[in-house]
Amino acid sequence: MQRSLSIYSGFIFLLLLLVAIPLQAQVSFEGRVSKKKLGLNERLRMDFVMNQNGDNFNPPSFEGFRIMGGPNQSISNSYVNGKRSFSKTFTYFLTPMRKGRLLIKQATVEIEGETYKTTPIQVEVTEAVAVPKDPNSVEYLADQNLHLVAEVSKRNPYLNERVTVQYKLYFRNPIKISEAPREMESPKFVDFWSQNIKIPQLRIEQGTYNGEAYNVVVWRKTVLYPQKTGKLILEPLTLNVLAELPTNRRDFFGDRIMRQVNRVITAGETSVEVKPLPESGKPEDFTGAVGRFDFDVLLNKKSLKASESFQARIKVTGTGNLTLFDLPKLKVPNTLEVYEPEHKEDVKTNLSGMQGTIEDTYTIVPQYQGKYPITPLTFTYFDPKKEGYERVGSQNFVIDVFEGPLANTSVAPKATPSNVIEAPNANFKFIKLSSNWSSIERETFWATSRFYTLLISPIVLLLLMIPLRRWWQTQVPDVQSRKQKAASRKARKYLVTAKNNSGNKTKFYEALEAALHNYLKSKFKIETTDFNKEKIETLLQNKGVEPMLSGAFVQLLQNCERARYAPSSEVQIQNDYESAVKIITKIDRKL
């Protein structure tokens, strides 16, 4: 009995041992993130962990993220109570490039001839947040000495009153900006009429932030005219800044070693409270003009002949929302023929708002002699400084028309006495009461010349198309060749200004950058104002341009921006110029 029990227990132990061996040897490969929700200015740690040594590790593309560090590889191999524990980890440090839900796709690795994949991980990215930092770290120093501020000229404007927003980048020692920042998120002014003011060149000036001295760069200037009342949101501007900070380490010569830190900073969301225009004292003819204006009506002639023309100009000059209201309509007597007005605008926009002139020009043609008064016009606008409505009017005009027909020279028909009755034959003498009928023979269409003409014409046209098609095929290569030559001439024309200024670094790179942007405008009929480098590269690739060529085009744009902050040699300038010629020519040929 004891022998049978020992055999039975031995069998059970052997069975448990056979089951435990494959469980212990089970392979695992997984991805782990430090957090699944983070701000736009935070970093994410991504670990790919395997419990057995593997080869041919392939990370995902990390779409929507920028790799700030890695891959860093670490191996842990230990024995506890005779059991071996092994792990191999690939670590990446990522920073998000946009808000929203981002998906980290699968990574793969080969272990003992088998391919293993991780499970995709979804991460939610919110707006930039305030993150506490270690005061001894370079990241903390960067956050304490680097700020992006949105300065709003007025927080409580009237409807259609000018508001300016300036985005300023403040930084101070020990921070140094190594290259031009890159916009990650541009503000959109949904409920405003907006106009960005062009900044020819970014300049570092001296300023104050919270009462302390800082270097300041005005990054963007925008003029806004609110189109709604109430609380309106100004979306934030977010920049990716590559800064250099000194560390506690020193080199062989005793100088501090600099470390590059990539920081994402935001101006934050702000708002303005827009007041409606006062109803008290609002004139009936008010059309929405807000600002300070002068008004006038001008005539090029006051005396002319009938059937000649003269012009009347209704003109408004000043500062305000010039393109956002209607001009008064001209009022003239009915005997003057008036054509639709020609509208002209000569308006420039700067930080003071829209400035210039708008006018409607009417062409008027009198038909008869006489003196015609032009009704005086009034123009009403709201002055935000005075917080009241202002009314201006035009002077009286009288048009003298001579040498033409008189309005009362038409001869009235002679009246017929009411007791005179004319004979019926006299009244209806023009009606023909008899008819002369003649027979009409039916003409047959079959087998006539017209029939054969219509029958043969399509065959003749088809026969003529054959030599025309052959001739066109011989001309196609010449047409393509001419297009390529025209594109090359256009490229050289864009670059001639940059070549002429090769001795001046600033003017050279300004002209070269303008040439590249103008090339995109002319080739793709797009505006590049709101385009960043990633969008330009995607556009080129969608048009069939190879990734290497589109990447070189974007790299050349980055060289132009970087040259504003870093010194450039004559050799580098010459290389950038030659690269621009080659890249534009290759893109032309590809397209």
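The values are calculated or read from the model by the stated rules, or taken from the named source; none is laboratory data. Worth saying up front: this structure is predicted, and the values here are computed from it rather than measured. Counting neighbours? That spans all protein chains shown, and the Cβs are built from the backbone with ideal geometry, glycine included.
Residue-by-condition table, conditions (1) surrounded by fewer than 19 Cβ atoms within 10 Å (Cβ to Cβ); (2) at pLDDT 85 or above; (3) more than 41 Å from the chain's Cα centre (by Cα):
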{"residue": "Thr89", "(1), (2), (3)": "yes, yes, yes"}
{"residue": "Thr95", "(1), (2), (3)": "no, yes, no"}
{"residue": "Arg98", "(1), (2), (3)": "yes, yes, no"}
{"residue": "Lys105", "(1), (2), (3)": "yes, yes, no"}
{"residue": "Thr119", "(1), (2), (3)": "yes, yes, no"}
{"residue": "Glu124", "(1), (2), (3)": "yes, yes, no"}
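For the range 504-528, which positions are at pLDDT below 75 and out of contact with any helix residue (DSSP H, G or I) (no Cβ under 8 Å at 6 or more places or on another chain)?
Lys521, Lys525, listed by residue number.
Of all the residues that make up the range 50-67, how many are farther than 17 Å from Gly113 by Cβ and assigned to a strand (DSSP E or B)?
Going through the range 50-67 one residue at a time, the tally reaches 3.
So how many residues does the range 292-322 have that are within 15 Å of Ile399 (Cβ to Cβ) and of a type outside the set (S, T, N, Q)?
12
Given the conditions (1) exposed (fewer than 13 other Cβ atoms within 10 Å of the Cβ); (2) assigned by TED's automatic domain parsing to the domain that holds Thr229, which single one is not true for Asp285?
In the conditions (1) exposed (fewer than 13 other Cβ atoms within 10 Å of the Cβ); (2) assigned by TED's automatic domain parsing to the domain that holds Thr229, Asp285 misses (2) alone.
Right, Gln206: in a strand (DSSP E or B) and not assigned by TED's automatic domain parsing to the domain that holds Thr506 or not?
Spelling it out, Gln206 is indeed in a strand (DSSP E or B) and not assigned by TED's automatic domain parsing to the domain that holds Thr506.
If the Cβ limit is 8 Å and pairs must be 6+ apart or interchain, which residue in the range 60-73 that is loosely packed, with under 14 Cβ neighbours inside 10 Å pairs with which residue that is part of a loop (DSSP other than H, G, I, E, B) and of a type outside the set (Asp, Glu)?
Partner pairs satisfying both residue conditions: Ser61/Lys105; Glu63/Lys105; Met68/Arg43.
Suppose we filter Tyr209, Tyr225 for residues that are among the aromatic types (Phe, Trp, Tyr) and more than 21 Å from Leu324 (Cβ to Cβ); which single one remains?
None of the other options fit; the residue is Tyr209.
Considering Gln574, Gln484, which residue is surrounded by 12 or more Cβ atoms within 10 Å (Cβ to Cβ) and modelled with pLDDT under 75?
From the options Gln574, Gln484, the qualifying one is Gln484.
Among the residues of the range 529-552, is there at least one that is buried (at least 16 other Cβ atoms within 10 Å of the Cβ), closer than 15 Å to Tyr509 by Cβ, in contact with a Ser or Thr (Cβ under 8 Å, 6 or more places away or on another chain) and at pLDDT 80 or above?
There is no residue in the range 529-552 that is buried (at least 16 other Cβ atoms within 10 Å of the Cβ), closer than 15 Å to Tyr509 by Cβ, in contact with a Ser or Thr (Cβ under 8 Å, 6 or more places away or on another chain) and at pLDDT 80 or above.
Would you mind stating whether Arg249 is exposed (fewer than 14 other Cβ atoms within 10 Å of the Cβ), over 30 Å from Gly288 (Cα atoms) and touching a strand residue (DSSP E or B) at 6+ places or on another chain (Cβ under 6 Å)?
Answer is yes for this residue.
Are any of the residues in the range 164-180 of a type outside the set (A, V, I, L, M, F, W, C), part of a loop (DSSP other than H, G, I, E, B) and within 30 Å of Thr319 (Cα to Cα)?
no
Can we say Lys275 is more than 14 Å from Tyr381 (Cα to Cα) and modelled with pLDDT under 90?
Criteria not met by Lys275.
Gln355 passes all but one of (1) in a loop (DSSP other than H, G, I, E, B); (2) out of contact with any Phe, Trp or Tyr (no Cβ under 8 Å at 6 or more places or on another chain); (3) surrounded by 13 or more Cβ atoms within 10 Å (Cβ to Cβ); which number fails?
It is condition (1) that Gln355 fails.
Any residue in the range 137-157 that is touching a Gly at 6+ places or on another chain (Cβ under 8 Å) and surrounded by 14 or more Cβ atoms within 10 Å (Cβ to Cβ)?
Within the range 137-157 (the criterion being touching a Gly at 6+ places or on another chain (Cβ under 8 Å) and surrounded by 14 or more Cβ atoms within 10 Å (Cβ to Cβ)), the answer is yes, since at least one residue qualifies.
Just need a number here: residues in the range 25-48 that are part of a strand (DSSP E or B) and out of contact with any Gly (no Cβ under 8 Å at 6 or more places or on another chain).
9
Residue under question is Ile374, and the condition is that it be in contact with a strand residue (DSSP E or B) (Cβ under 9 Å, 6 or more places away or on another chain), modelled with pLDDT under 90 and not charged (D, E, K, R); does it hold?
yes
For Leu327, all conditions in the list (1) surrounded by fewer than 18 Cβ atoms within 10 Å (Cβ to Cβ); (2) in contact with a strand residue (DSSP E or B) (Cβ under 6 Å, 6 or more places away or on another chain); (3) over 30 Å from Glu139 (Cβ atoms); (4) not aromatic (Phe, Trp, Tyr) hold save one; what is the number of the exception?
So Leu327 meets the others, but not (1).
Assigned to a strand (DSSP E or B), modelled with pLDDT of 90 or more and not assigned by TED's automatic domain parsing to the domain that holds Val152, is that true of Glu337?
no
Would it be correct to say that Thr349 is within 31 Å of the chain's Cα centre (by Cα), within 20 Å of Val392 (Cβ to Cβ) and at pLDDT 90 or above?
no
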